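Just so it is clear, none of the values below were taken in a lab; they were calculated from the coordinates. Since the model is a prediction, treat every value here as computed from it, not as a measurement. All Cβ positions, even for glycine, are placed from backbone atoms using ideal geometry, and neighbour counts span all protein chains on display.
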Amino acid sequence: MADEAAPAIAVAKDRSRVLGGTYRTFYSEPLTVASARGCTITDANGEDYLDAYNNVPVLGHSSPAVRSAVSAELGRANSHTRYLDARVIDYARRLIDRFPAHFESVVFACSGSEANDLALRLAAHATGRDGVIVTRHAYHGTTSAVAAISPSLVGTEVGEHVEPIDLPAWDAADFDDLLAEAIAGAARRLEVRGHPLGAFILDSTVTSDGILEPRSLAATAGAVRSHGGLWIADEVQSGFGRTGADWGFQRLDLIPDLVTLGKPMGNGLPISAVLGPREIFDDFGAEQRYFNTFAGTAVPVAAAEVVLTALESGDLVARAQEGGRLLENLLIDAIESSATPALVRRNGLMVGIDFETGGITTESAVERAKEMVERLYAERILVSTTGRAGTVLKIRPPLVITDDELRELASGFARVLARGEAEAAHAGE
């Protein structure tokens, strides 16, 4: 293992010399990527890893269709939106057509952070109110504005205009009503502080809080609007078929006021967007300037067209539904065959395995989740953790993952569970 780690150690040392201290790596021995294709990442030693984590290359790493489209467009033109380009306009029209009728306009950006930043500005301008409600462990990006509404960012203080709320218990029968009550209470607290509610922003899979299964949040949406706020659906992680629907909000029985897109939108190329009613954009644009040099240019749009075509075909949605069901069943079988308590939560092909159950303390669950990530890495399977304290194993592979690869993932998970239990039993002898 020491010889295998040598290339990673050398690259890590070089990286620390030239890159700033804001960067982080996964795993105790970081992965050095040599190449990637489909759901396989190959390291510097020629070892193949099953990628069950990266949701950005939704069509798979090194997608031939994306590569071809981008290459062709680089040979044609790649300017900015102060010039006219019919290709960009056609893509915008096709994208809008995938949404409910009141989504009439789109503005492009380059990242999910930028899209959420702009959505906050739009909501504040439209309502004249700057108060924002978020979930307790939300993550919405890293610009100053969205870092201030991202309580999960270590070392970052949420703003005075921000009110984080706790989610009800995942299995609460009255989850929606309880969340609506939490919204109402948070809105009142914001009002007292002089920051009346302008927006509730929610990742439609609630990923950083631990992954929410599909359910109606209609009462919650009503509470947001009755207190003067807009609902911003952060679809950066949940969009483009991930949940078994085009958009995650469709699994929540509501229609948001604004939607943000990112991550898988260009299969890895930098493109994101905000969609909403024309009136909101036009009123904002009449008073404020928004220009982003690289946003919505032809090359990332070419990549985005390939992803959108796959969404229009129904292939991504079908794969998330079918693959998600298969993986859930396989993981539940593995857990039920073990002595390790865990709960599986799934929204399409976004899967969480929560170890904080069955009387297990938070601290023990955190350690178990971390250990599982490292043990799966040793099995050449890539996953990570999420949740309030990091007690949830997060699985969100490219949507082109095959049934055989899903079985490989579940088999690796079962082996790791069994090995951990055997070691624990041996240690207790």
Where does each of Asp14, Asp203 land when they are ranked from fewest to most other beta-carbon atoms within 10 angstrom?
Asp14, Asp203
Built amide H within the under 5 Å cut-off of Glu104, gap 5+
Gly276, Arg278
Under a straight-distance cross-link criterion of Cα-Cα below 21 Å, which lysines are reachable from Lys263, leaving out those fewer than 8 residues away in the same chain?
Lys394
Anyone know which of Glu405, Glu336, Glu114 comes out most mobile in the 10 Å Cα GNM of the chain?
Glu336
Comparing Ser28, Ser144, Ser68 in a Gaussian network model of the chain (Cα, 10 Å), the one with the largest mean-square fluctuation is Ser28
Mind putting a number on the dipole of the range 64-313 about its Cα centre? Charges go on the C-beta only, +1 for Lys and Arg and -1 for Asp and Glu, and I need it in Debye to the nearest 20.
700 debye
Given charges at Cβ of Lys, Arg, Asp, Glu: the range 110-163 dipole, positive-most of Thr127, Thr143, Thr156:
Thr127
Which shape class applies to the range 190-317: rounded if a/c is under 1.5, otherwise prolate when a/b exceeds b/c and oblate if not, where a ≥ b ≥ c are the square roots of the Cα gyration tensor eigenvalues?
oblate
If you rank Tyr53, Tyr27, Tyr83, Tyr91 by fewest surrounding Cβ atoms within 10 Å, what's the result?
Tyr83, Tyr27, Tyr53, Tyr91
Most fluctuating residue given options Asn116, Asn267, Asn78, as computed from a GNM of the chain linking Cα atoms under 10 Å:
Asn78
FRET efficiency (Leu326, Arg225; Cβ distance; R0 41 Å; to 0.05) is 0.60
DSSP loop chymotrypsin sites (Phe, Trp or Tyr not before Pro) in the range 288-376 with at most 11 other Cβ atoms within 10 Å of their Cβ, which ones?
Phe291
Proximal charge balance of Gly128 [Cβ under 13 Å; K/R count +1, D/E count -1]
-1
Of the options Asn54, Ala36, Thr81, report the single residue whose Cα projects farthest towards the positive end of the charge dipole of the chain (beta-carbon charges: Lys, Arg +1; Asp, Glu -1).
Thr81
Would you mind checking which residues have amide H under 5 Å from Gly239's amide H? H placed 1.01 Å from N; only 5 or more apart, or other chain.
Gly248
Do any trypsin sites (Lys or Arg not before Pro) in the range 125-210 lie in a loop, going by DSSP, with at most 10 other beta-carbon atoms within 10 Å of their beta carbon, and if so which?
none
Only helices counted: for the chain, with every DSSP H run of 4 or more residues adding -39500 (n - 2.57) and the sum spread over all residues, [θ] at 222 nm is -13500 deg cm²/dmol
Please express the shape of the chain as an equivalent ellipsoid: the semi-axes are the square roots of 5 times the eigenvalues of the C-alpha gyration tensor, given largest first in whole angstrom.
34, 28, 20
What is the sum of charges around Ser364, taking Lys and Arg as +1, Asp and Glu as -1, for the other residues whose C-beta is under 13 Å from the C-beta of Ser364?
-3
Quick one: putting +1 on the C-beta of Lys and Arg, -1 on the C-beta of Asp and Glu, what dipole do you get for the chain around its Cα centre, in Debye to the nearest 20?
1020 debye
Principal axis dimensions, largest first and in whole angstrom, of the range 282-424 by Cα
63, 34, 24
Cα atoms only: what Rg and Dmax, in Å, come out for the range 64-313?
17.9, 57
